1. Explain nothing, just the number: relative contact order of segment 124-235, from Cα pairs under 8 Å at least 6 residues apart, as a whole percent.
2. Just to be sure I understand: of the beta bridges DSSP finds with both ends in the chain, what percent are antiparallel, rounded to 5?
3. Need one number: % antiparallel among DSSP beta bridges in segment 13-92, to the nearest 5.
4. How much of the calculated P(r) for segment 416-461 lies past 16 Å, in percent of all Cα pairs?
5. Give the order of 358, 458 when sorted by the count of other beta carbons within 10 angstrom, beginning with the fewest.
6. Where does the chain land at 222 nm, in deg cm²/dmol rounded to the nearest 500, when only DSSP H runs of n ≥ 4 count, each adding -39500 (n - 2.57), divided by all residues?
7. When all alpha-carbon pairs of segment 116-266 are counted, what percent fall beyond 23 Å?
8. Computed over the Cα atoms, what is the radius of gyration of the chain divided by 2.2 N^0.38 Å, N being its residue count?
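Every number in this text was worked out from the coordinates using simple rules, so none of it is lab data. Every value quoted in this text rests on a predicted model; they were computed, and no experiment measured them. Cβ placement follows ideal geometry from the backbone for every residue including glycine, while neighbour counts extend to all protein chains displayed.
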Amino acid sequence: MTTHFVIVGNGAAGYRAAKALREADADAQVSVFSDERYPFYLRRQLGDFLSGAMTLQEIVFQSRNAYRRERIDLFLMTPITSIDPDAHAVEFAASPPVRYDRLLLATGTEAVRPAIPGRDLAGVTTFDTLTEAADLRDSLKAVEHAVLLEEGVIGLTLAESLLAAGVRVTQLLAGERFWPEALDETTSGRIEALLEERGVVLRRKTSARAVIGTAGRCAAVELADGQRLSADLVACGCRRRPATRLAQGAGIEVGAGIRVDETLHASRPDVFAAGDVAEPAGTDPSAPAAGAFCWQRAWAQGAAAAASMLDHRPHGVAEAVRIRTTLFGLDLAILGEGHLPAGGRVTVHEQPDGPDVWRRLVYRDDRLVGAIILGTGESVHELNRLVVEGAGRERAEAVLAPPEAPEGEDLVPTTFARHCPICAAELVVHRGTREGAVLRCHACNTDLVVCWDGRHGWFEIRRP
Ligand SMILES: Cc1cc2nc3c(=O)[nH]c(=O)nc-3n(C[C@H](O)[C@H](O)[C@H](O)COP(=O)(O)OP(=O)(O)OC[C@H]3O[C@@H](n4cnc5c(N)ncnc54)[C@H](O)[C@@H]3O)c2cc1C
């Protein structure tokens with residue numbers, strides 16, 4: 001009998017799962033439901049699309065025809081409104097329910113708009129879908145000044161792409177420093193310096209009291225002290241929560257996200273969850289970094305969920321990386337509890353690793369529980385493994401010690417991980433790989449050339 005796999009959400013986790021299910025089971029029926037209007041696109045690169053560095057054809061990674069060719073049934077602009085786990089069915093507002101044998105919830109996160117007047121005016125963006133980015137791109141010529149209300153990955157992305165498009169940017173900071181919930185003081189300071197060097201105006205210890213509109217469109221932001229900043233664009237997508245509404249309505253166990261075990265199985269039979277919406281066992285929901293907003297983790301969990309749905313053993317469920325992004329060409333990675341201050345059982349080892357790399361390692365009872373890196377992300381792959389294992393200090397230090405001199409002039413001296421420039425899948429280059437070697441991306445099959453300049457590694461696309 002044909003198995004029907006139903007996936008809710010067509011982001012990194014949902015798309016990856018659909019592909020993996022199709023590859024593993026040629027006979028299965030695979031249905032993907034999305035409430036968006038575009039097929040799978042590279043959400044983490046919305047900033048590149050906004051600045052014009054990527055075209056629509058480049059950011060939309062999989063055409064509708066490609067889904068048809070792979071016999072994945074894609075339903076766009078088709079929100080699922082509820083789930084009936086007893087009947088094994090998903091339900092819609094205006095069409096009959098669809099039965100599933102196995103269901104994957106890959107619904108990601110949703111923005112929490114601040115509770116202030118004017119938050120829904122035109123020109124106030126959460127900048128989290130391609131539809132929003134496309135609308136914004138079309139109207140960007142009319143934007144002179146943007147105000148970013150909150151701190152986080154989306155704000156950083158927007159700041160960089162708006163500056164590139166010639167827009168003046170003001171970032172509001174709730175406290176004295178940038179994003180204290182996620183970053184230590186030094187990393188905050190370095191990011192503030194980077195933003196200010198590029199022309200972003202930081203307004204510290206303030207927040208928005210209202211967005212003021214003219215003819216239904218935002219025109220200014222009123223600050224807590226009553227001062228007004230003119231603003232023809234206001235961004236507020238950084239505060240996010242896992243999109244758990246469907247799961248909650250179906251009586252599926254939810255904490256900060258949908259609670260799943262080590263196989264990504266949720267609390268009802270044949271229901272799985274993966275990506276930003278999932279809360280794997282062992283996560284402390286009260287920890288400030290409990291939620292994840294991470295493409296790499298969602299991608300890995302999509303593949304792992306597919307394995308579980310096929311009754312295979314999943315790999316890659318445990319990922320310590322919570323945030324991994326780039327800012328003006330620098331990598332920023334936050335792993336596990338990398339933000340924790342020193343004190344009590346927690347000790348911190350701060351390691352300026354050369355002028356352009358800042359590394360902060362956090363140990364609890366001498367076990368590595370988190371890290372923050374700003375600079376180059378070569379060690380993120382190793383660190384991820386060490387944090388997941390809870391490696392002891394001695395082992396962590398040995399693994400992270402500066403690499404020995406290369407054995408051959410054209411051999412890469414250290415293991416490093418980078419994203420595929422096409423699909424952003426994480427690829428690892430092992431120490432001793434020959435510079436110029438060609439590596440094939442496991443996710444999108446692009447041939448990539450391994451490059452190394454003596455300090456940093458990266459990929460270039462191999463042209464025929
Ligand atoms: C501007 C921006 C920049 C980012 N930059 C980075 C970065 O630099 N690095 C990084 O690691 N991550 C970044 N991210 C985050 C990254 O994109 C997410 O972590 C990743 O997309 C999570 O994948 P997911 O599959 O779990 O969820 P999502 O990609 O959020 O996909 C979930 C999908 O499910 C759909 N959905 C929800 N409910 C329903 C329903 N009831 N019915 C049908 N469909 C539904 C949603 O509309 C959405 O399309 C960025 C995100 C944004 C918006």
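1. Numbers: 182 pairs, mean separation 32.8, N = 112.
For segment 124-235, the relative contact order is 29 percent.
2. Numbers: 61 of 93 bridges.
Around 65 percent of the beta bridges assigned by DSSP in the chain are antiparallel ones.
3. On the way: 4 of 8 bridges.
Approximately 50 percent, going by the DSSP bridge assignments.
4. Values: 253 of 1035 pairs.
Looking at segment 416-461, the distances longer than 16 Å represent 24 percent of pairs.
5. Values: 358 21, 458 17.
With the sparsest Cβ surroundings first, the list reads 458, 358.
6. On the way: 11 runs with 103 residues, N = 464.
My calculation for the chain gives -6500 deg cm²/dmol from helical runs alone.
7. Values: 4932 of 11325 pairs.
When all Cα pairs of segment 116-266 are counted, 44 percent exceed 23 Å.
8. Numbers: Rg = 22.3 Å, N = 464, 2.2 N^0.38 = 22.7 Å.
Rg over 2.2 N^0.38 Å, computed on Cα atoms: 0.99.
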